[in-house]
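Note sheet for the following structure.
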Amino acid sequence: MQLNSIGLDVTKSKSLSKDLNLLLANFQRYYQNLRGIHWNIKGKRFFDLHVKFEELYTDANLKVDEIAERILTLGGVPLHTFEDYIENAKVPVGKNITKDEDAIRLIVESLSRLLVIERAILDASDEASDEGTNAMMSEFITEQEKTVWMMKAWLAEEI
């Protein structure tokens, strides 16, 4: 087994970089969706939701950077073109969403898909003894589960 400069198996690090690039592409689409609903939301809940969506897209932007830097730390190259994101993202595209419930449902669906990807990465990073990626995924999962719960509560739906 060949180790890289941070003591991880090179082959497993390459595989994790690929998985993280998939997450990166999906996070970029999620981020762009959040920008869109922030700009286009209408209705009586505009003021509250406009601020909330800004909070969410600011957080997503930070996470995009963290994911890209983790890919670099593992020796990979982060995806960085819209073409790459379109090709690799599975998070739904939210286009021209102006209604509050539609926007919240888009967030819940997007986070649900991100959580599936993150849990798979968590399993792979645990297998690779990659505590850095493990910690990042654990943090993301904890925050996003809480956001899903809050959004479902807003919708008056069961988790």
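Miscellaneous remarks
- Test for Lys90: is it farther than 27 Å from Met150 by Cβ, basic (Lys, Arg) and either modelled with pLDDT of 95 or more or not in a helix (DSSP H, G or I) (or both): no
- Residue list for the range 71-126, restricted to those being under 30 Å from Phe47 (Cβ atoms), of a type in the set (Val, Ile, Thr) and more than 13 Å from the chain's Cα centre (by Cα): Val93, Ile97, Thr98, Ile104
- When residues of the range 1-53 are limited to those that are of a type in the set (Ser, Thr, Tyr) and more than 21 Å from the chain's Cα centre (by Cα), the one farthest from Thr98 (Cα to Cα): Ser5
- Applying the condition of being farther than 16 Å from Lys63 by Cα and either in contact with a Gly (Cβ under 6 Å, 6 or more places away or on another chain) or of a type in the set (A, V, I, L, M) (or both) to the range 105-115 and asking which residue is surrounded by the most Cβ atoms within 10 Å (Cβ to Cβ) yields Leu106.
- If you filter the range 54-74 down to residues that are touching a residue at least 12 places away in the same chain (Cβ under 8 Å) and among the β-branched types (Val, Ile, Thr), you find that the one that is nearest to Asp100 (Cα to Cα) is Val64.
- Residues being surrounded by 17 or more Cβ atoms within 10 Å (Cβ to Cβ), in contact (Cβ under 8 Å) with a residue 60 or more places away in the chain and assigned to a loop (DSSP other than H, G, I, E, B) - total across the range 75-87: 1
- Filtered residue count, the range 60-82, keeping only those that are closer than 18 Å to Gly94 by Cα, out of contact with any Leu (no Cβ under 8 Å at 6 or more places or on another chain) and of a type outside the set (S, T, N, Q): 1
The values are calculated or read from the model by the stated rules, or taken from the named source; none is laboratory data. Values in this document were obtained by computation on a predicted structure and should not be read as measured data. Note that each Cβ is placed from the backbone with ideal geometry, even for glycine, and that neighbours are counted across all protein chains shown.
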